[in-house]
Amino acid sequence: MTKEELKALGLTEDQIDKIFEDYGKNYVPKSQFNEKLEALKHAEEDKKNAAKELDELKKQIEDLQQATKDREKKYNADMDQFRLDTAIEKALTGAKVRSMKAARAMMNFTVAKLNEKGEVEGMSEKIEALKKSDGYLFESGGRKFSGLKPGESRDDSGESTGADIFAKALG
């Protein structure tokens with residue numbers, strides 16, 4: 001209220017001065033109140049925005065953690081498969097297989113597992129079964145072929161040439 005409004009109410013000059021003196025101590029002007037109210041509204045809006053951003057960041061972190069777990073799981077599965085493939089190839093190489101690809105295709109490895117030594121469980125039995133059923137896939141240890149190869153001759157040792165041997169065989 002203004003001084004004129006208070007005078008119109010019938011208050012004395014002393015009373016009006018005491019009221020205005022009290023206004024300064026116990027009351028805040030409306031403009032100052034409005035400033036504080038706007039600042040509070042902005043602070044609450046900022047708080048809501050910060051909470052929303054925090055929730056979005058938490059979700060991103062959770063997504064990244066899940067992606068990390070998925071990559072780790074895939075890596076472990078890939079490494080397990082690599083170890084299994086390496087153990088299979090080592091065993092087949094040791095068995096002197098001629099065609100790794102053909103031998104692997106003829107063997108069932110759907111439930112193959114590695115033992116503590118890093119070897120495929122039951123691999124020796126699978127190799128032996130494959131040797132019995134498809135022995136041509138493996139090099140034979142003792143059989144060596146000898147004789148002339150096309151285009152070779154034995155002139156250096158004093159033996160007859162391939163043409164002589166052929167003519168002799170024909171009679």
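The values are calculated or read from the model by the stated rules, or taken from the named source; none is laboratory data. Please read all numbers here as calculations on a predicted model, not as lab measurements. In this analysis, Cβ positions are derived from the backbone assuming ideal geometry, glycine residues included, and neighbour counts consider all displayed protein chains. Just so you know, the surface numbers come from the protein's heavy atoms only, side chains and all, with ligands and any DNA or RNA stripped out. Shrake-Rupley method; radii C 1.70, N 1.55, O 1.52, S 1.80 Å.
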| request: Obtain the radius of gyration and the Kirkwood radius of region 1-90 from its C-alpha atoms and give Rg over Rh. | output: 1.75
| field | Under 21 Å from Lys30, Cα to Cα: lysines that are on another chain or at least 8 residues apart | value | Lys3, Lys18, Lys41
| query | lysines near Lys47 by alpha-carbon distance under 22 Å, same-chain residues fewer than 8 away left out - which ones? | reply | Lys36, Lys58, Lys59
| message | Taking the solvent-accessible surface of protein heavy atoms with a 1.4 Å probe, what is the per residue accessible area of the chain in Å²? | response | 86 Å²
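Using Cα-Cα distances under 8 Å and only pairs 6 or more residues apart, what relative contact order does the chain have, in percent? The partial results should precede the final answer.
Working: 60 pairs, mean separation 21.6, N = 171.
Worked out over the chain, it gives 13 percent.
Quick check on my link table: of Lys90/Lys113; Lys96/Lys117; Lys101/Lys126; Lys101/Lys131; Lys74/Lys117, which ones sit more than 18 Å apart, alpha carbon to alpha carbon? Before the final figure, lay out each step's value.
Details: Lys90/Lys113 15 Å; Lys96/Lys117 21 Å; Lys101/Lys126 15 Å; Lys101/Lys131 15 Å; Lys74/Lys117 24 Å.
The answer is Lys96/Lys117; Lys74/Lys117.
How many percent of the accessible area of region 66-116 is carbon or sulfur, using a 1.4 Å probe? All intermediate terms of the calculation are to be shown ahead of the outcome.
Working: 2160 of 4010 Å².
Carbon and sulfur together cover 54 percent of it.
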| request: Using only Cα atoms, tell me the angle between helix 13-26 and the longest principal axis of the chain; keep it within 0 to 90° and round to the nearest 10. | output: 10 degrees
| note | Measuring from the longest principal axis of the C-alpha atoms of the chain, the long axis of helix 123-133 (C-alpha) lies at a number of degrees, nearest 10, equal to 40 degrees
| field | Debye equation applied to the C-alpha atoms of the chain, log10 I(q)/I(0) at 0.10 Å⁻¹ | value | -0.79
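Just how many % of Cα pairs in region 53-147 lie over 17 Å apart, if you round to the nearest whole percent?
On the way: 2775 of 4465 pairs.
Value for region 53-147: 62 percent of Cα pairs lie more than 17 Å apart.
Which peptide among 86-98, 39-51 comes first, and what is the full order, when sorted by highest mean count of other Cβ atoms within 10 Å?
Details: 86-98: 15.6, 39-51: 10.0.
Listed from highest to lowest mean packing, they are 86-98, 39-51.
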| Partners for Lys48 among aspartates and glutamates (Cα-Cα distance below 14 Å; same-chain residues under 8 apart left out) | Glu56
